Amino acid sequence: MLATLAAALVAMYLTTNALQKAEAATSAAAFAILLVTAAIRTNSPLWRRGAVKIATTRREALWQTTLLVMLAYLWCALAFYAVYLGTTLRWQHGWEYGSAMLLVAVAHAIYLWRLADPNASVSTPHAIDRAVRLAACQAIAIALGLIWLIQSGKLSSVKGDWAANQLFLAGGFAVMCLSVIIIKTHAALSERLAHSALQR
């Protein structure tokens with residue numbers, strides 16, 4: 001998967017450098033589809049009712065999909081740097097958004113490092129529930145942002161921000177879908193946990 005993400009990043013750089021908007025949009029879409037597909041493959045077995053007993057905990061499931069969220073922010077950060085620092089395309093806010101997304105990726109990496117410890121404060125059931133609620137807020141906020149982006153007509157911009165808008169759309173879509181998957185998996189595992197408790 002990392003090799004494919006790297007290939008999509010290179011493709012984004014090359015197509016943007018050649019001012020090929022449609023091809024650049026395809027590269028950004030490929031990155032988003034890859035991450036969402038990976039999350040679905042990982043999480044879908046946890047959604048099936050009546051499936052064999054699954055040992056994955058809510059903490060482990062949250063960690064797995066949050067890792068993909070971190071990769072989404074990191075990929076977008078690198079893409080912003082590649083496009084606006086490595087090509088002739090210019091937009092004064094390119095490096096700013098790239099840096100912001102890099103900071104968010106680093107924050108997710110720190111969170112993942114702490115979440116990997118089952119005894120950490122972020123690994124308690126209450127903390128995990130709170131993280132899932134934040135994922136829900138994130139999904140709603142991104143959905144509203146994407147609606148505004150599409151309706152604003154910025155995706156057809158002839159200015160230097162056209163590549164940034166493609167990255168906003170692809171990255172936002174990926175993180176929104178991953179957030180929804182986090183919520184769905186958490187609900188499925190919580191229901192299974194409650195059912196197991198009732199059977200005891």
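Taken as Cα centroids, segment 28-46 and segment 111-185 sit 14 Å apart, rounded to the nearest whole angstrom. Taking the Cα atoms of segment 1-199, the ratio Rg/Rh between the radius of gyration and the Kirkwood radius comes to 1.03.
With the simple spin-label model, which puts each label point 7 Å out from Cα in the Cβ direction, the Leu146 to Trp113 separation comes to 3.1 nm. Estimated at 0.36 nm per residue, the fully extended path between Thr37 and Leu19 surpasses their Cα-Cα distance by 3.7 nm. Between the Cα long axis of helix 125-152 and the first principal axis of the chain there is an angle of about 30°, rounded to the nearest 10.
In what sequence, highest mean first, do 28-41, 159-172, 132-145 appear when ranked by Cβ atoms within 10 angstrom? Walk me through the intermediate numbers first.
Details: 28-41: 19.1, 159-172: 21.4, 132-145: 14.9.
For the peptides 28-41, 159-172, 132-145, the packing ranking is 159-172, 28-41, 132-145.
Treating the angle as unsigned and between 0 and 90°, give the value, to the nearest 10°, between the Cα long axis of helix 58-86 and the longest Cα principal axis of the chain. Rounded to the nearest ten degrees, it is 10.
Across segment 69-200, the relative contact order, built from alpha-carbon pairs under 8 Å that are at least six residues apart, equals 28 percent.
Computed from the coordinates by the stated procedures, all read-outs in this text should not be read as laboratory data. Everything quoted here is computed from the prediction, not taken from an experiment. Note that each Cβ is placed from the backbone with ideal geometry, even for glycine, and that neighbours are counted across all protein chains shown.
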